[in-house]
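Colleague: Supplied in structure tokens, the structure appears directly below.
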Amino acid sequence: MKHTKISIIGAGAVGSTIAYALMLKNVSAEICLIDIDETRCRGEILDLSDALSFCGPSVIHSDSLKNAGQSHIVIIAAGKRQKPGQDRVALLQANKKVIKSIIDGMQPINQDTTVIMVTNPLDLLTLYAQEIANIPRSQVFGSGTFLDTQRLRGLLSKKLQIAEQSIHAYILGEHGDTQFPAWSCAYIAGSPLKNFNLSDQELEHIAKETREKAYEIIKYKGATFYGIATCVAAICRTIIFDQKRVTPLSCYLEQYEVCLSVPVVLGEKGIEKIIALPLNDKELKQLDRSAKELKKYLS
Ligand code: NAD
């Protein structure tokens, strides 16, 4: 394994589960977990270290923010989470302060470091982090609709009885309430999804279930963390092994002047290319709606 260091800021439900997923998947030799709550962080590290002997030759420890800024990858999962029924944007003011203190604390961030944003509201805070990190924008991006896309593919898989890995369908736009499925660009084995006999009603139901899944999980158990942790570990693996996997991530779209999720080519230098999907008029309007929704909060 290459000697890589991944730092996770925020050792809450999401951050510590990301550390666990990274360990199980043998993604990084060194994992660093940091939290403003040092007692909780120490407890998580001790607990996680019990699993080390079953995993690769990793080491898990804590560090200063300044040292974390020299890691290959920094994952930011610190800050407030949604309460049941609360939307993600409601967290903006509180979490913007958290992001500022973390990014300021890491300066000067190494010019080769990649920063993965997880804290909500994801797209707005990704844009904010890009503005203050002093590293190229292509190296600061959000997990975006990667998780929502996995949820969509899971539901389609169940309905069609076809493995999700064989389904190419994306959720685009905001990692939030204005997200939408790009049905016109959804394919299975080169055949458009429309050939698979799902009614408009069924498609609408799948889109709604995808959009509302986080609210449902939070209603039952207060937080979501397994899905996002697995997605973030997959993103890290793609970066570290320079896999160039096409992944829907939140990145800066010049024409909209905000961060939104679209499929990108991901490699060791972060986002290497944005894939322009041939969206239809309805989907272009939906992307526009996501951008407008986010812009309301920028002033
Ligand atoms: P949590 O309350 O379990 O943990 C948050 C942690 O952040 C706490 O341990 C807290 O002490 C720490 N923290 C707060 N301020 C900090 C600072 N300045 N420096 C370092 N640590 C700090 O919350 P959680 O369930 O882990 O969620 C964390 C964030 O991830 C939330 O914003 C949540 O909405 C978001 N989230 C995003 C996705 C996604 O798909 N992008 C999915 C799930 C959760």
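The values are calculated or read from the model by the stated rules, or taken from the named source; none is laboratory data. If you're wondering where the values come from, they're calculated on a predicted model, not measured in any experiment. In this analysis, Cβ positions are derived from the backbone assuming ideal geometry, glycine residues included, and neighbour counts consider all displayed protein chains. With ligands, DNA and RNA removed, areas are computed over all heavy atoms of the protein, side chains included. Shrake-Rupley method; radii C 1.70, N 1.55, O 1.52, S 1.80 Å.
Colleague: Name the residue, out of Ala51, Ala68, that is in contact (Cβ under 8 Å) with a residue 12 or more places away in the chain, within 15 Å of the ligand (Cβ to nearest atom) and either on the phi < 0 side of the Ramachandran plot or among the acidic types (Asp, Glu) (or both).
Modeller: Ala68
Colleague: If you check every pair at least six apart or on different chains, which have Cβ atoms under 7 Å apart with a residue in region 141-160 that is open to solvent by less than 10 Å² (accessible area, probe 1.4 Å) first and a residue that is more than 16 Å from the ligand (Cβ to nearest atom) second?
Modeller: Phe141/Gly270; Phe141/Ile271; Leu152/Ala169; Leu152/Pro181; Leu152/Ile206; Leu156/Ile167; Leu156/Ala169; Leu156/Ile206
Colleague: Here are the criteria: (1) open to solvent by 70 Å² or more (accessible area, probe 1.4 Å); (2) near the ligand (Cβ under 9 Å from one of its atoms); (3) among the β-branched types (Val, Ile, Thr). Tell me which single one Thr39 does not satisfy.
Modeller: Answer for Thr39: the failing condition is (2).
Colleague: Only one residue in Gly79, Gly56, Gly43 is out of contact with any strand residue (DSSP E or B) (no Cβ under 8 Å at 6 or more places or on another chain) and in a helix (DSSP H, G or I), so which one is that?
Modeller: Only one candidate qualifies: Gly43.
Colleague: When you look at Lys285, is it surrounded by fewer than 19 Cβ atoms within 10 Å (Cβ to Cβ) and either part of a helix (DSSP H, G or I) or over 21 Å from the mean Cα position of the chain (by Cα) (or both), yes or no?
Modeller: Considered against the rule, which asks whether it is surrounded by fewer than 19 Cβ atoms within 10 Å (Cβ to Cβ) and either part of a helix (DSSP H, G or I) or over 21 Å from the mean Cα position of the chain (by Cα) (or both), Lys285 comes out as yes.
Colleague: Among Leu125, Leu147, Leu155, Leu160, which is aliphatic (A, V, I, L, M) and in contact with a Phe, Trp or Tyr (Cβ under 9 Å, 6 or more places away or on another chain)?
Modeller: After ruling out the rest, the residue left standing is Leu160.
Colleague: Before we move on, is Leu22 in contact with a Ser or Thr (Cβ under 8 Å, 6 or more places away or on another chain), outside any helix (DSSP H, G or I) and within 16 Å of the ligand (Cβ to nearest atom)?
Modeller: Against the criterion (in contact with a Ser or Thr (Cβ under 8 Å, 6 or more places away or on another chain), outside any helix (DSSP H, G or I) and within 16 Å of the ligand (Cβ to nearest atom)), Leu22 does not qualify.
Colleague: Moving to a separate point now. I'd like the residue in region 104-121 that is among the aliphatic types (A, V, I, L, M) and crowded, with 24+ Cβ neighbours inside 10 Å and, out of all such residues, is farthest from the ligand (Cβ to nearest atom).
Modeller: Ranking the qualifying residues of region 104-121, first place goes to Val115.
Colleague: If I filter region 52-72 down to residues being polar (S, T, N, Q) and under 20 Å from Arg237 (Cβ atoms), which single residue comes out as surrounded by the fewest Cβ atoms within 10 Å (Cβ to Cβ)?
Modeller: Ser58
Colleague: I'd like the full set of residues that are under 30 Å from Phe241 (Cβ atoms), open to solvent by 10 Å² or more (accessible area, probe 1.4 Å) and aliphatic (A, V, I, L, M), limited to region 73-101.
Modeller: Within region 73-101, Ala77, Ala78 meet the criteria.
Colleague: Does Tyr226 fit the bill of being of a type in the set (Ser, Thr, Tyr), open to solvent by 90 Å² or more (accessible area, probe 1.4 Å) and modelled with pLDDT of 95 or more?
Modeller: Here the answer is yes, as Tyr226 does meet what is asked.
Colleague: Looking at region 233-251 only, could you name the residues that are touching a residue at least 60 places away in the same chain (Cβ under 8 Å) and within 19 Å of Asp112 (Cβ to Cβ)?
Modeller: Ile235, Cys236, Arg237, Ile239, Ile240, Leu249, Cys251
Colleague: Restricting to region 114-153, count the residues that are in contact with a helix residue (DSSP H, G or I) (Cβ under 7 Å, 6 or more places away or on another chain) and part of a loop (DSSP other than H, G, I, E, B).
Modeller: 7
Colleague: Ok, one more. Go through region 168-200 and count every residue that is within 28 Å of Leu294 (Cα to Cα) and either part of a strand (DSSP E or B) or of a type outside the set (Ser, Thr, Tyr) (or both).
Modeller: Count: 17.
Colleague: Further, regarding this structure: Could you tell me which numbered condition Ile31 fails, if it satisfies all but one of (1) touching a Ser or Thr at 6+ places or on another chain (Cβ under 8 Å); (2) away from the ligand (no atom under 11 Å from the Cβ); (3) farther than 18 Å from Tyr226 by Cβ?
Modeller: Among (1) touching a Ser or Thr at 6+ places or on another chain (Cβ under 8 Å); (2) away from the ligand (no atom under 11 Å from the Cβ); (3) farther than 18 Å from Tyr226 by Cβ, Ile31 violates only (3).
Colleague: Might you check whether a residue that is within 8 Å of the ligand (Cβ to nearest atom) and among the hydroxyl-bearing types (Ser, Thr, Tyr) occurs anywhere in region 129-141?
Modeller: no
Residue by residue, here is whether (1) over 22 Å from the mean Cα position of the chain (by Cα); (2) more than 18 Å from Lys285 (Cα to Cα) holds:
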position: Ala163; (1), (2): yes, yes
position: Ile167; (1), (2): no, yes
position: Tyr170; (1), (2): no, no
position: Phe180; (1), (2): no, no
position: Trp183; (1), (2): no, no
position: Tyr187; (1), (2): yes, yes
position: Ser191; (1), (2): yes, yes
